[in-house]
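J.: Sharing a structure, written as structure tokens. Questions coming.
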Amino acid sequence: MTTNLVKTSGLIAGIRKSLKAGGDAKTRAAAQTFSKEKLMVYGVKTPAVRKIAQETYREIAGLKKKVIFDLCEELLKSGYLEEAVIAFIWAEMISESFVKADFGVLEKWLKQYVTNWAACDTLCNHAIGNFIFKYPAYVDKLKKWTGSKNRWVRRGAAATLVLPARKGLFLKDVFEISMSLMDDADDLVQKGSGWMLKEAARTHRKEVFDFVVKNKAVMPRTTLRYAIEKMPVELKKEAMKR
């Protein structure tokens, strides 16, 4: 155990050293242009961050899940986007071992550590999305998120269903979540809802189109535009009519 603690402590320090060495001012500035919130970033490009996550995961792959969760949380506490992305990639990599009790950990991370859309989508699309694939009854938890005061939790309700919706799953739940977010004034939540609908339309175009047309009088235009983005031109025109 002592050996593991020493090893993992050195691992976190090594990750931070790599991120500091790999960051640059141009990438830091570019990252900020995509966010309304002030970001804490090293300025490392996403492919490089993913490479670090994958390479370092090999060093912890044999550890107990709780130890890996604790390492993820250590990274999250820093507040740096790149460290959060690494933590969430690690969580995705152990998602096959998720049990129901792990939902509380993932939900805590979303509520406590996510402060921007990039971190929100990385966590929700993959680790939490994989949890929902495994335990579909927990989709009801997502519906409760739509009433949160935290914009990232509300966006997360939609972002979590993006990949399942792409596979044609949870259509009824997609519509329920979208309805719950219909009055949301936050543009990033609106975009999340529209993104979820757009992915659902890949396999359920008619149902999503009918849903959009039925609700377009109250649906935010941002949500509507995202939802119909990949539809044929004639359907887009019909949906956009006032």
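J.: Take the residues of the range 183-216 that are surrounded by fewer than 15 Cβ atoms within 10 Å (Cβ to Cβ) and either in contact with a Gly (Cβ under 9 Å, 6 or more places away or on another chain) or of a type in the set (A, V, I, L, M, F, W, C) (or both): which is nearest to A239 (Cα to Cα)?
T.: R202
J.: Then there's this: Condition test on W152, is it more than 20 Å from Y113 (Cβ to Cβ) and aromatic (F, W, Y)?
T.: No.
J.: List the pairs whose first member sits in the range 160-183 and is in a loop (DSSP other than H, G, I, E, B), whose second member is surrounded by fewer than 21 Cβ atoms within 10 Å (Cβ to Cβ) and hydroxyl-bearing (S, T, Y), and whose Cβ atoms are under 8 Å apart, counting only residues at least 6 apart or on separate chains?
T.: These pairs meet every condition: K167/T203; G168/T203.
J.: Could I ask something else about it? Give the residue that is nearest to D140 (Cα to Cα), with candidates limited to residues of the range 178-235 that are more than 20 Å from the chain's Cα centre (by Cα) and of a type in the set (F, W, Y).
T.: F211
J.: What are the residues in the range 114-147 that are aliphatic (A, V, I, L, M) and not in a helix (DSSP H, G or I), if any?
T.: Residue satisfying the conditions is V114 alone.
J.: Working only within the range 23-50, note down all residues that are modelled with pLDDT of 95 or more, part of a helix (DSSP H, G or I) and open to solvent by less than 50 Å² (accessible area, probe 1.4 Å).
T.: Within the range 23-50, A48, V49 meet the criteria.
J.: Applying the selection to the range 111-143, what residues are open to solvent by less than 40 Å² (accessible area, probe 1.4 Å) and within 9 Å of the chain's Cα centre (by Cα)?
T.: Correct list: A118, A119, C120, D121, T122, L123, C124, N125, A127, I128, G129.
J.: Next question. Confirm whether M231 is of a type outside the set (S, T, N, Q), under 24 Å from T115 (Cα atoms), open to solvent by less than 20 Å² (accessible area, probe 1.4 Å) and not in a helix (DSSP H, G or I).
T.: Spelling it out, it is not the case that M231 is of a type outside the set (S, T, N, Q), under 24 Å from T115 (Cα atoms), open to solvent by less than 20 Å² (accessible area, probe 1.4 Å) and not in a helix (DSSP H, G or I).
J.: Could you look through the range 74-91, keep only residues that are within 20 Å of K38 (Cα to Cα) and surrounded by fewer than 19 Cβ atoms within 10 Å (Cβ to Cβ), and pick out the one that is nearest to the chain's Cα centre (by Cα)?
T.: The qualifying residue nearest to the chain's Cα centre (by Cα) is G79.
J.: Among the residues of the range 51-73, what is the count of those that are over 15 Å from I94 (Cα atoms) and either of a type in the set (V, I, T) or surrounded by 15 or more Cβ atoms within 10 Å (Cβ to Cβ) (or both)?
T.: Adding up the residues that qualify gives 1.
The values are calculated or read from the model by the stated rules, or taken from the named source; none is laboratory data. Given the structure is predicted, the values throughout are model-derived calculations rather than measurements. Please note: Cβ atoms are built from the backbone with ideal geometry, for glycine as well, and neighbour counts cover all protein chains shown. The protein model used for the area step is the full one, side chains on, heavy atoms only, and it has no ligands, DNA or RNA in it. Shrake-Rupley method; radii C 1.70, N 1.55, O 1.52, S 1.80 Å.
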